[in-house]
Every structure is written in structure tokens, then in C-alpha cells.
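Student: Below you will find the structure I want to go over with you.
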Amino acid sequence: MFPVMETTLSLIGFGEAGRTFAIAGGWNGASVHDRLTDRADGSAAIRAAYAVAGVAGRDRLEDAVRGASVVLSLVTADQALAVATAAAKAIAPGALYCDMNSVAPDTKRAAARQIDAAGGHYIDVAVMAPVDPARLSVPLMLSGARAGAGRAALAALGFTRIDIVGDGVGRASSIKMIRSVMVKGIEALSAECALAAAAAGVSAEVFASLDAGGRPKPWAERADYNLDRMMIHGLRRAAEMEEVVKTLDALGSGSTMTRGTVLRQRAIGKLGLQRPAPGLSAKIAQINDDRRQAT
């Protein structure tokens, strides 16, 4: 149970993350607002969820936030800025506003301006893994001028894996967003590959071939190697991937991700960097220098 005498907690949003955290932490009595209470088709369900978790539901966001010393924002990405703007109207001076939403750094900086101008303290929080089954052991990355205070408050609420990654709002979000390029991209690529393999009746052979590649290297080494291949062979690989697009389109399984691969391979290959520098950082510098010279 969170320390009621020391922390007055407010949650904005009571979806999977909010419910999971509240139940795991025993946040009984915390003030909660979820916009589903405004909808006839969702109001009963969300109020039942409040009861299960032992939290105090509020019909108005401002009522949930008012007087809280710690506010956790756990809403959908498209609502993150609007919620911060609304919360700023009622936030208590000095209250910690922990924005735990998966949004772009610029969105978090815009939200921070709203909260800070109102006298609150904005903290950029990136949730770095699924909340279920990790619950309060989910890894969190924090950034912002008040990240230290945010870490102490979140630890008091029961979170156990908290890292501060910088004092600028947007840094934690940058790590989360850019990591998602790989994590969510692989999900999408896996789906595109699996659907095509099933349509062609070659799933077992395709996956066996992928498994034969051996144990993967660390990501930095893999990125270095992959970029090396693209710099040298990008144009040829783009042409090959255009044939892959034709294959997938003929199967009717979809080729959205593969079309993107064609564009990226061709863009890197067209730079003409046939002698990649050793090391990932040096390769990236080569590419950036070439792009600057072209503009």
C-alpha cells in the first residue's frame, strides 16, 4: 500500500497499466479519473474496475488532480498532451507530474511547458516493457530537472527498477521511441514474413532457414554490420527487395514493410559510400556528412 500520509496520489487513465499498477501497489484510496466514465457504454465497467482496485473514481479530471502531490498520467498517446493541458488547470504547486505515456519527445516537451507554467514539476517517464506480468518491476527511465524527486516518489509507490537517464525532458521518451523502431518494426516484419510464408506454404522452411543463422550478436554490432552491407550493396539489395515486393503482392499477403525496406536500402546505397568506415559511429558520421554536402 502506498504511503497515504506522505503521498496523495492521482492517476489519470485506468486502462491496463493503471489497473495493473494500482492493484500491485495496493494504492487504495488514490484518486482516479478515466474518460470512459463520460461514456454510457464504458462507465459501468470502469467504475467496477475502480472498485476492484480500491481506488476513488472522480468524474472530472480536475477533481482527481486537485490536491495530489504525485500525478501519474497513463492514457493513450493521442490524449497525452490534452490531458496534461487539462491537469495544469488544477495541479497543486510543486506536485510531481509523471508522464508515463508513449509519445514523441516534442509532445512531452509541450506537455512539460503546460505543467511547469502552472507550478507543477513535469517528469518524463518511459515505461520500457509490458506492464503485465512485470507490474511494479517494469523498467522505468526518467528524465527532466526533477527526475530525482520522481524516482523517490515512484520508489515509494513500489516501483523497483528506476533509472535516471538525463535532466532534459524528452530524453527518456527518445530512448523509448527510437527503441520502438526496432521492437515494433520486428513485430511488423515478422507478421509480413509469416503471412507470406503461410500463403506460399513454406513456413517450416523459412523459419528453419532463419533459425540456422546462429546466436545473434549484440545490437550495436548487428547495426554496424547491417549498415556496412547497405552502404556497399544498398542499390543491389533494393532491386532484390523489389522482387520480394512482387512475390508478396502476388501472394496477396501484403508488402508494406518490404516496400519500406526498398526505400531505405536504395537511399543508403545511392550515397555511394563504397568504403564504410570501421565502427558504427564512424559509419553514421559518413552518412550524415554526405547528406549535409548534398543539401
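Laboratory data are not the source of any read-out in this text; all were calculated from the coordinates shown. Given the structure is predicted, the values throughout are model-derived calculations rather than measurements. Don't worry about glycine lacking a Cβ; one is built from the backbone with ideal geometry, like all the others, and counts go over all protein chains shown.
Student: Hey, fewest Cβ within 10 Å first, where do F21, F159 land in order?
Tutor: The fewest-first ordering by Cβ neighbours comes to F159, F21.
Student: Could I ask something else about it? Label points 7 Å out from Cα along the Cβ direction at L251 and R113: separation in nm?
Tutor: Each label point lies 7 Å from its Cα, and together they span 4.7 nm.
Student: Quick one: C98, C193, fewest Cβ neighbours within 10 Å first, how do they rank?
Tutor: Ranked by crowding around the Cβ, least crowded first: C193, C98.
Student: Additional query: To the nearest 500 deg cm²/dmol, what mean residue ellipticity at 222 nm is calculated for the chain from DSSP H runs of n ≥ 4 alone, each contributing -39,500 (n - 2.57), summed and divided by the residues?
Tutor: Using -39500 (n - 2.57) per qualifying helix, the result is -17500 deg cm²/dmol.
Student: Using the basic label-point model (7 angstrom from Cα toward the beta carbon), what is the R222 to D290 distance in nanometres?
Tutor: 2.4 nm
Student: Rg(Cα) of the chain divided by 2.2 N^0.38 Å?
Tutor: Dividing the Cα radius of gyration by 2.2 N^0.38 Å gives 1.23.
Student: Separate question: Given segment 9-168, report the % of alpha carbon pairs whose separation exceeds 22 Å.
Tutor: 34 percent
Student: Be a star and scan segment 124-144 for residues whose amide nitrogen sits under 12 Å from the point 7 Å along the Cα-to-Cβ vector of R161.
Tutor: Zone members listed by number: 127-141.
Student: Also, quick follow-up: Karplus couplings for segment 167-172 from phi (6.51 cos²θ - 1.76 cosθ + 1.60, θ = phi - 60°), rounded to Hz, Gly and Pro as x?
Tutor: 9, x, 4, x, 5, 4
Student: May I ask you to compute the full-extension gain from A188 to R259, defined as 0.36 nm times their residue separation minus their alpha-carbon distance, rounded to one decimal in nm?
Tutor: That works out to 24.3 nm of additional length.
Student: Still on this model: Write down the Å³ per residue value for the convex hull defined by the alpha carbon atoms of segment 92-215.
Tutor: Here the figure is 132 Å³ per residue.
Student: Helix 105-117 versus the longest principal axis of the chain: what angle, 0 to 90°, nearest 10, using Cα atoms?
Tutor: 20 degrees
Student: Arrange D249, D106, D228 by Cβ neighbour counts within 10 Å, fewest through most, would you?
Tutor: In order of increasing Cβ crowding within 10 Å: D106, D249, D228.
Student: Past 25 Å, Cα to Cα: identify those pairs from K217/K283; K184/K217; K108/K283; K176/K217; K176/K283; K108/K270, in the order given.
Tutor: Check vs 25 Å cut-off fails for K108/K283; K108/K270.
Student: Hey, could you pull the Cα Rg and Dmax for segment 176-294, both in Å?
Tutor: 15.8, 47
Student: Taking the Cβ of D116 as the center, what net charge do the other residues with Cβ under 15 Å away carry, scoring Lys and Arg +1 and Asp and Glu -1?
Tutor: +2
Student: Still on this model: Helix 43-53 sits at what angle to the longest principal axis of the chain, using alpha carbons and giving 0 to 90 degrees rounded to 10?
Tutor: 80 degrees
Student: On a 0 to 90 degree scale, rounded to 10, what angle separates helix 280-294 from the longest Cα axis of the chain?
Tutor: 80 degrees
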